[in-house]
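Below: one structure, written as C-alpha cells.
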Amino acid sequence: MNEAKRYKQVMIFGCFDGLHNGHRSFIEQAQALAEHVIAVLTPDELFASLKNHVACKNFAERKAALIAAKPEITVIGGDATLSSYGVIRQYRPDCILCGYDQEALQNDLQRFLAANALDIPVLTAQPFEPERYHSSLLRNKQSNQFN
C-alpha cells in the first residue's frame, strides 16, 4: 500500500496499560493517517485519577511495551497537569486521533483547541472488537483468574 498519507504527523493519547490488539489497531489507524505517529503516554501521577484504579504497569514499563510493539512511532510522556496540552504546543501535530472510547478526551481537546485558536482536526478511531479488546475487560478477566 503506497497511498499518500493525509497528514504529516498525528498525535494519539492513551494509558496503554497492558498493550492489546485494540491498542495495536488504534495505533495502526493513526499510522494509516499520517507519515509519523506521536503517542502521548499518560504519566503515572495522572493514571489513577483518569482510570479510577492503579496502573498494572508503571510508566517506564508501558513506554517500553509501546516501543517494543511499534518502534517506528515516537512515544512521549503526557503533561503532568491534566488538560494543559503542552505536548500539542511542543509537537504541533497536523491531526489528533482519539480512541473510540475517549469521548471525554475528545471534548476536552476540542475546548482546548478552540480556546487557543488551533486548527487541528480531531478524529475518532474505529473500535476493534471492543467486546473483547478493551482494557477494563481484560483487566477484570485477569483479576478474576486470581479469585
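Only residues in segment 5-25 that are at positive phi count as the first member; pair them with residues that are in a loop (DSSP other than H, G, I, E, B), Cβ under 6 angstrom, at least 6 apart or cross-chain, and list the lot. Filtered contacts from segment 5-25: Gly18/Cys56. Consider segment 78-110 and keep the residues that are small (Gly, Ala, Ser) and closer than 20 Å to Ala48 by Cβ. The one that is modelled with the lowest pLDDT is Ala80. Filtering segment 85-114 to residues that are part of a loop (DSSP other than H, G, I, E, B) and on the phi < 0 side of the Ramachandran plot leaves Pro93, Asp94, Gly99, Tyr100, Asp101, Gln102. Out of (1) under 25 Å from Lys5 (Cα atoms); (2) surrounded by fewer than 17 Cβ atoms within 10 Å (Cβ to Cβ); (3) without any contact (Cβ under 8 Å) to a residue 60 or more places away in the chain, the odd one out for Asn58 is which? For Asn58, the exception is condition (1). Answer yes or no as to whether Glu131 is assigned to a loop (DSSP other than H, G, I, E, B), at pLDDT 95 or above and either under 24 Å from Glu45 (Cα atoms) or charged (D, E, K, R) (or both). So Glu131 fails the test. Among residues of segment 101-114 that are over 19 Å from Gly86 (Cβ atoms) and among the basic types (Lys, Arg), none has a beta-carbon under 8 Å from a residue that is at pLDDT 95 or above and in a loop (DSSP other than H, G, I, E, B) at least six positions away or on a different chain.
Has segment 81-91 got at least one residue that is touching a residue at least 60 places away in the same chain (Cβ under 8 Å) and not aromatic (Phe, Trp, Tyr)? Yes, segment 81-91 contains a residue that is touching a residue at least 60 places away in the same chain (Cβ under 8 Å) and not aromatic (Phe, Trp, Tyr).
Just one of the numbered conditions (1) crowded, with 20+ Cβ neighbours inside 10 Å; (2) touching a residue at least 40 places away in the same chain (Cβ under 8 Å) is not true of Thr42: (2).
The values are calculated or read from the model by the stated rules, or taken from the named source; none is laboratory data. Small disclaimer: the values here were computed from a predicted structure and weren't measured. Ideal geometry is used to build each Cβ from the backbone, glycine not excepted, and the neighbour counts take in all protein chains shown.
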